[in-house]
């Protein structure tokens with residue numbers, strides 16, 4: 001028995017001895033060779049150019065290659081002469097049209113110099129320079145008067161329905177003194193939804209027919225009611241769910257899943273708790289948050305994030321990542337079948353958290369008050385998504401055979417000759433659960449696929465597994481991976 005244990009340990013060590021293990025979560029400077037002025041938001045242009053666009057609150061949008069070593073930092077759009085900047089005002093959001101590659105349209109949300117009104121307008125890319133928008137091409141869609149300087153909202157994005165969504169705060173001050181969030185003739189304290197591909201006789205945009213008041217009874221642009229300051233929102237590209245971090249008053253911060261026609265309670269409720277219920281309906285009338293946390297200690301203002309769908313940190317796949325502006329805490333939350341099943345802090349950021357954003361690969365970025373744009377460090381784990389088993393998962397490691405493993409990319413093999421390719425998957429105890437053998441002419445690239453099932457075709461539970469990949473006599477790679485559900 002003793003010798004059997006020794007043999008088992010030696011077997012596992014032989015298979016896994018060269019493995020490296022997942023690193024703790026860290027946020028690292030994503031672009032250390034360039035600088036930004038009040039970076040507020042990160043996004044991409046939907047055109048597969050793998051460029052990153054960074055909104056600067058002072059009125060500029062920068063464009064740069066999605067390369068951590070780049071020193072390039074071009075000004076894509078400069079409307080600093082149009083905006084009023086300070087406190088919660090400035091250039092607050094940008095959204096590229098889903099068909100940007102063909103029509104060149106982008107949309108911005110800013111507070112206008114002079115009166116501080118919110119403006120949502122369209123610009124066009126320069127016909128001669130793909131890295132520059134035409135600052136003279138502005139087409140104003142919507143203007144909303146702001147009674148106070150705070151709670152301007154500012155997030156705009158296209159949903160999977162193709163419509164532009166606009167987050168508006170309740171108009172500012174404190175406690176929504178005008179009860180604007182619950183007033184159906186007001187655009188403040190709402191999420192609006194418009195069709196930017198058409199117009200009406202009275203507006204420079206169309207109204208989706210499924211908007212709750214498209215037929216009357218309230219402003220036709222309204223998508224949801226009862227928002228206090230929906231500072232940041234995002235769309236899960238897998239489920240289509242819209243997530244919103246709605247900043248609280250003095251006691252509670254909240255995270256909502258946004259649905260058409262719902263009333264999210266402000267000013268009647270702050271989070272799950274009554275705030276000012278004068279003239280309000282019964283609690284069943286309102287949709288309450290999926291997550292609240294208290295304004296206690298250093299926590300003060302939620303910075304709504306994204307459901308992570310990238311590859312750098314497969315441990316976070318399918319988890320909603322969010323933070324707090326003051327405490328700099330970052331959490332992960334998993335929401336399944338109407339229930340929060342995970343919710344824990346994963347790190348504390350180096351600077352105050354303003355906003356989150358993603359690139360075309362769904363990698364997550366964080367913008368900080370300290371002027372730095374961050375992203376997660378890369379995990380040593382390989383992520384295998386087990387959510388869609390109809391499509392076999394592909395490990396992709398960019399490698400020119402037999403050059404060393406490049407940890408910055410995820411798994412594609414270039415094999416120049418006939419090779420016997422053998423992919424063996426083990427569980428944590430060293431038991432073989434899948435053994436894939438392929439013999440073929442391997443010219444160019446070859447994807448090694450595994451569908452997240454065992455040898456009998458049964459779905460495997462989420463957890464940590466190991467693989468060993470060999471190709472002829474030239475290559476062997478062992479690695480720890482995470483099977484994601």
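Values quoted throughout were computed directly from the atomic coordinates according to the rules given, and no laboratory measurement underlies them. Keep in mind that this is a model prediction, so the values were computed, not measured. A quick note on method: Cβ atoms are made from the backbone with ideal geometry, for glycine too, and the neighbour counts reach across all protein chains shown.
Each label was represented as a point 7 Å from its Cα along the Cα-to-Cβ direction; for residue 73 and residue 115 these points are 3.6 nm apart.
Cβ-to-Cβ counts within 10 Å put 140, 372 in ascending order as 140, 372, the fewest first. Counting other Cβ atoms within 10 Å as a rough exposure proxy, the listed residues 26, 259 run 259, 26 from fewest neighbours to most.
Scoring 240-251, 299-310 by mean Cβ neighbours within 10 Å over their residues and listing the highest first yields 299-310, 240-251.
Full extension of the segment from residue 37 to residue 435, taken as 0.36 nm per residue of separation minus the current Cα-Cα distance, would add 138.0 nm. Residues 347, 423, arranged from fewest to most other Cβ atoms within 10 angstrom of their Cβ, appear as 347, 423. Summarising the label geometry, the points placed 7 Å from Cα in the beta-carbon direction at residue 350 and residue 139 lie 4.2 nm from one another.
For the listed peptides 98-104, 184-190, a ranking on the average number of other beta carbons within 10 Å per residue, highest first, reads 184-190, 98-104. Computed from label points 7 Å out along Cα-Cβ, the spacing between residue 150 and residue 342 is 3.5 nm.
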